[in-house]
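Working notes, beginning with the structure itself.
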Amino acid sequence: MSQVVIGGGASGVHAAAALSDAVLLEPESVAGGLAWPEVPIGRGICSDVNREAVADLAGSAPAAAGFSMGLWAGGQSWSLPFQRRDLARILPGSESRRALVDWTRARAEMLARDSLLGGGYEQRTYKDWVIRRYGGAAYRLLYGPYAHKRFGDPEQVGVSSALLHHALILDDGLVGVGSSPEAGWSSLLDGVDVRTDTGLAGIELADGRVSRVLTDDGAMDVDELWLACSLADAAELLGDAIPLGIRKDLEVIRTRHRIQVIVGADASGDTPTELHVVDEAPFFRVTVPELLPGGDGLAGHLIAHLSVEDGDPLWSAGDARVVDGVCSALGSTGIAKARATGARVLRMADYDPAWTGPWHPAHNRVAAWFHSCGIRLVGRLATHRHADVGQLLAHAMHVAMDPKDWHEATRTRLDPPVRLDDLDVSITRFVER
């Protein structure tokens with residue numbers, strides 16, 4: 001059987017690594033689009049629940065021992081989960097008292113509604129979820145500013161983003177992808193037939209099934225196609241073969257771009273591995289890579305993570321401008337003194353799914369149509385999920401073994417369980433993912 005993976009950055013490599021005898025078509029000159037494989041992608045770690053799949057395909061899955069999380073707010077770092085009494089110090093003056101009162105009232109109202117009415121209050125947006133649990137002050141001063149930087153407008157972002165990132169994840173720990181990011185990347189690529197600099201011209205269907213992939217070098221016959229690119233790119237390749245209804249659904253599915261900026265910095269010794277930033281800054285998170293498994297090669301550096309809309313000036317700005325902005329913000333917030341010399345900028349187009357409006361039913365209809373054509377959606381871009389590498393690998397392996405089970409594979413592998421009875425989720429945790 002001829003299996004072809006159309007890549008779109010790291011997602012294509014992850015999908016191809018999980019399949020057997022697949023050809024990866026990569027439009028870029030570097031596999032996965034990564035010029036610096038020693039730099040961890042995203043968080044650089046994944047859930048221990050998929051340790052076996054990660055170890056098999058990335059060589060090893062060392063435990064992220066000593067991994068810690070913090071919140072940068074009010075000009076200083078707070079360990080997560082912070083103590084309830086810390087909230088009075090994190091927020092200014094009377095606002096801290098207001099936040100505690102709002103939190104208590106919101107929790108009481110939710111418990112009463114759940115008891116008397118059996119729940120039933122529909123929450124559509126990220127903002128709804130936060131206010132109903134923590135109150136308006138916490139949303140305005142903590143969650144709102146953070147959400148704008150990470151997800152977009154909290155009044156447009158779906159409630160599923162809050163459930164996934166702020167509810168209690170049923171997690172058994174975190175592991176690295178390989179003994180180091182570079183070693184893991186090398187293991188994933190081992191045995192994969194990668195064809196870089198391959199210009200893609202189209203995808204052809206015959207009798208409603210995928211038949212050929214058109215490239216600048218000619219046509220390739222395909223029995224099964226795996227898409228790890230954005231759905232917008234897939235739609236362009238399929239052209240008029242996509243029905244009008246599915247095309248309308250595709251218009252609902254939006255993404256954001258991710259920028260990772262690696263700079264030299266003198267961070268304090270008590271800086272946590274992962275620091276989530278509420279204070280004014282272009283980035284929503286800062287990572288200390290040397291505290292991640294195999295990160296010794298990036299000692300003395302920090303990684304700033306930015307999530308931006310298409311059309312944001314930062315996405316089109318030159319690397320030097322982005323680096324200067326990050327270094328300035330690291331200094332002005334007090335997180336660290338950063339150096340622009342030798343800095344690196346990693347840009348990942350369409351990396352962050354934008355869970356806005358009716359994205360979920362629209363994506364289900366899109367996925368069902370693609371699947372009926374023998375086109376499997378894999379990877380973070382095509383599945384439109386906030387999934388880590390372990391989830392992506394396990395999902396691709398599941399679908400490869402039983403393509404008919406794609407819906408169940410997506411539900412169980414890519415929609416991680418959260419506490420649906422999340423009334424007891426504490427404001428002091430702030431973020432889980």
Checklist entry - Here are GLY144, GLY191: which of them is under 21 Å from SER307 (Cβ atoms) and of a type in the set (Gly, Ala, Ser)? => result GLY144
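Check GLY70, GLY152, GLY144 and return the single one that is assigned to a loop (DSSP other than H, G, I, E, B) and of a type outside the set (Asp, Glu).
Exactly one residue qualifies, and that residue is GLY152.
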Next on the checklist: Just to be sure I understand the filter: pairs with C-beta atoms under 6 Å, separated by 6 or more residues or on different chains, first member in the range 243-270 and in the same structural domain as ASP319 (by TED's automatic domain parsing) and within 16 Å of THR341 (Cα to Cα), second member in a strand (DSSP E or B) and charged (D, E, K, R). Which pairs pass?
Outcome noted: ILE262/ARG344; GLY264/ARG339; ASP266/LYS337
Item to check | Residue check for GLY269: on the phi > 0 side of the Ramachandran plot and more than 19 Å from the chain's Cα centre (by Cα) | outcome: no
Checklist entry - With respect to GLY331, is the statement that it is loosely packed, with under 15 Cβ neighbours inside 10 Å and in a helix (DSSP H, G or I) true? => result yes
Checklist entry - So which residues in the range 364-387 are surrounded by 24 or more Cβ atoms within 10 Å (Cβ to Cβ), in contact (Cβ under 8 Å) with a residue 60 or more places away in the chain and not in a helix (DSSP H, G or I), if there are any at all? => result ARG376, LEU377, VAL378, HIS384
Checklist entry - When you go through GLU109, GLU155 one by one, which is the residue that is at pLDDT 80 or above, among the charged types (D, E, K, R) and either surrounded by fewer than 21 Cβ atoms within 10 Å (Cβ to Cβ) or within 30 Å of THR273 (Cβ to Cβ) (or both)? => result GLU155
Checklist entry - Picking from VAL210, VAL194, which residue would you name as being surrounded by 17 or more Cβ atoms within 10 Å (Cβ to Cβ), closer than 30 Å to CYS373 by Cα, out of contact with any Cys (no Cβ under 6 Å at 6 or more places or on another chain) and outside the structural domain of ARG124 (by TED's automatic domain parsing)? => result VAL194
Item to check | Test for VAL130: is it without any contact (Cβ under 8 Å) to a residue 60 or more places away in the chain, out of contact with any Leu (no Cβ under 8 Å at 6 or more places or on another chain) and either crowded, with 23+ Cβ neighbours inside 10 Å or assigned by TED's automatic domain parsing to the domain that holds VAL49 (or both) | outcome: yes
Item to check | ASP310 being farther than 30 Å from SER179 by Cα, touching a helix residue (DSSP H, G or I) at 6+ places or on another chain (Cβ under 6 Å), surrounded by fewer than 21 Cβ atoms within 10 Å (Cβ to Cβ) and not assigned by TED's automatic domain parsing to the domain that holds PHE151 | outcome: no
Item to check | Single residue of TRP103, TRP36 found to be part of a helix (DSSP H, G or I) and of a type in the set (A, V, I, L, M, F, W, C) | outcome: TRP103
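The values are calculated or read from the model by the stated rules, or taken from the named source; none is laboratory data. All values reported here derive from a predicted model rather than from experimental measurement. Reconstructed Cβ throughout: ideal geometry from the backbone, glycine too, with neighbour counts over all protein chains shown.
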